[in-house]
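The values are calculated or read from the model by the stated rules, or taken from the named source; none is laboratory data. Computed from a prediction, not measured in an experiment: that's the story for all the values here. Don't worry about glycine lacking a Cβ; one is built from the backbone with ideal geometry, like all the others, and counts go over all protein chains shown.
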Amino acid sequence: MPINADKPHQWKEDVSASVDMFNTWFMHAAPAAFRETRMKVTGEVEQHLLSSSDGRAISASYLRANPQALATLRMATCPPLARERLSGLAGVSKTVVESLEAGKIPRIQETALHTQLEKVAGILVKLMDDDLFPWLTDGSTPSETQRYRAATILADRCCTAVANPIVKNAQEARQLRLVKDYLEVRGYKHSESVSDPKSMVAGTFSFRMNVPATNQNGQVNIPVDIVIQPKSIQPDRMPILIEAKSAGDFTNVNKRRKEEAQKVHQIRATYGPEVPFYLFLCGYFDAGYLGYSASEGIDWIWEHRLTDLDGVGL
C-alpha cells in the first residue's frame with residue numbers, strides 16, 4: 001500500500017515541513033561539518049607545502065611523485081583554477097587533470113606524459129598567489145606561522161570549492177544514523193559483509209550495498225544506500241531498498257530526478273516489478289519532483305515523519 005505517493009493533498013504541507021527541517025539542521029550542523037573538514041584538509045595542505053618546498057619545487061617530477069597535490073595547487077593560484085580552466089590554459093586533456101587529482105598517473109606514452117605534466121606545472125608556477133606565498137618573490141624562508149596561515153587559507157579555498165558535497169555527506173551520514181537507530185530499536189541487526197541482497201538474513205540491514213543488475217550493456221552494480229531484509233522474508237527473498245536523498249534547493253533535485261527512476265527501472269527489470277524501492281527525503285523536494293517520482297512507481301518516506309517507515313513492511 002502506498003505511503004505518500006498517493007496522497008498529493010499532503011504534499012504541500014510535507015514539502016514545507018521538510019524544507020524547515022533541512023534548514024534547521026543546516027544552521028546547526030553544517031558549519032561544524034565544514035570546520036571539521038577544513039581542519040583535516042589544513043593538515044593535508046601543510047604536507048603538500050612541505051613536500052613542494054613551500055611551493056618552490058612545483059615541476060613535472062613533483063606532480064608525478066605527488067599527483068594528488070594538484071587539487072590543492074589549483075587553489076594556490078590567483079585566481080584559483082577550476083579543472084577545466086587549468087586543462088584549457090595548459091593545453092592538456094581534462095582527463096589528465098582528473099587522473100592526477102585521483103592520485104593516478106595517466107597511462108599515456110612517457111614523453112607525452114612528461115610534456116603534459118610540464119605544461120600543468122608551468123601554469124601553476126606562473127599563477128601562484130604571491131600574496132599567499134610572499135616568500136616566492138622575496139626569497140625568504142617561511143616561518144611555521146606563515147606556512148600554517150597559508151595552509152588554512154588554502155584549505156578554506158579547497159573546502160569552499162566542494163562545500164555542497166561536504167554538507168551532503170554530513171546530511172547523508174545523519175540520515176543513515178536515524179535509520180540505524182530506528183531499526184535497532186525494533187530488533188534489526190546491522191550486517192556489513194553482504195554482496196547479494198537475496199542472501200540477507202531475516203531481520204538484518206546493510207548500508208551502501210552494490211545491488212547487481214543487468215542492462216543492455218550487461219551486468220552493472222547499482223549502489224543503494226539502505227537495504228533491509230524484513231523479519232518476514234518475501235517469497236522472492238528481495239529486501240527493501242531505500243535511497244537516502246537530501247537537497248538544499250529545488251533546482252538541482254528536478255535536474256537529477258531521472259537518476260532514481262533509471263536506478264529503480266534497472267533493479268525492477270532484473271528482479272521483478274514488485275521490488276520495494278523507496279526514497280528517504282529531507283530538504284527541498286517540491287511537488288514537481290514528487291509527482292515525477294510517483295509517476296515512475298517510486299514511493300517515499302519523509303525524514304520529518306520517520307514513522308513513515310512503519311509502512312514499508314518491516
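Key figures
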item: Residues of segment 51-69 that turn out to be without any contact (Cβ under 8 Å) to a residue 60 or more places away in the chain and either β-branched (Val, Ile, Thr) or assigned to a helix (DSSP H, G or I) (or both), as a count; result: 9
item: Unmet requirement for ASP54, which otherwise passes all of (1) touching a Gly at 6+ places or on another chain (Cβ under 6 Å); (2) on the phi > 0 side of the Ramachandran plot; (3) not hydroxyl-bearing (Ser, Thr, Tyr); result: (1)
item: Segment 292-314: number of residues that are in contact (Cβ under 8 Å) with a residue 40 or more places away in the chain and under 16 Å from LYS245 (Cβ atoms); result: 14
item: Close pairs from segment 1-23: first buried (at least 20 other Cβ atoms within 10 Å of the Cβ), partner at pLDDT 95 or above and part of a helix (DSSP H, G or I), Cβ under 6 Å, at least 6 apart; result: SER18/HIS304
item: Inter-residue pairs, beta-carbon under 9 Å, first free of Cβ contacts under 8 Å to residues at least 12 places away in the same chain and in segment 126-145, second of a type in the set (Val, Ile, Thr) and surrounded by 10 or more Cβ atoms within 10 Å (Cβ to Cβ), 6+ apart; result: LYS126/THR77
item: Residue that is more than 22 Å from the chain's Cα centre (by Cα), surrounded by fewer than 20 Cβ atoms within 10 Å (Cβ to Cβ), in the same structural domain as ALA17 (by TED's automatic domain parsing) and closer than 20 Å to MET21 by Cβ, where the choices are ALA269, ALA294, ALA287; result: ALA287
item: Breaking point among (1) modelled with pLDDT of 90 or more; (2) closer than 28 Å to VAL167 by Cα; (3) in contact with a Cys (Cβ under 8 Å, 6 or more places away or on another chain); (4) surrounded by fewer than 20 Cβ atoms within 10 Å (Cβ to Cβ), for LEU127; result: (2)
item: Matching residues in segment 100-118 - criterion: being of a type in the set (Asp, Glu) and farther than 14 Å from TYR62 by Cβ; result: GLU101, GLU110
item: From LEU100, LEU89, residue being aliphatic (A, V, I, L, M), assigned to a helix (DSSP H, G or I) and more than 22 Å from VAL41 (Cα to Cα); result: LEU89
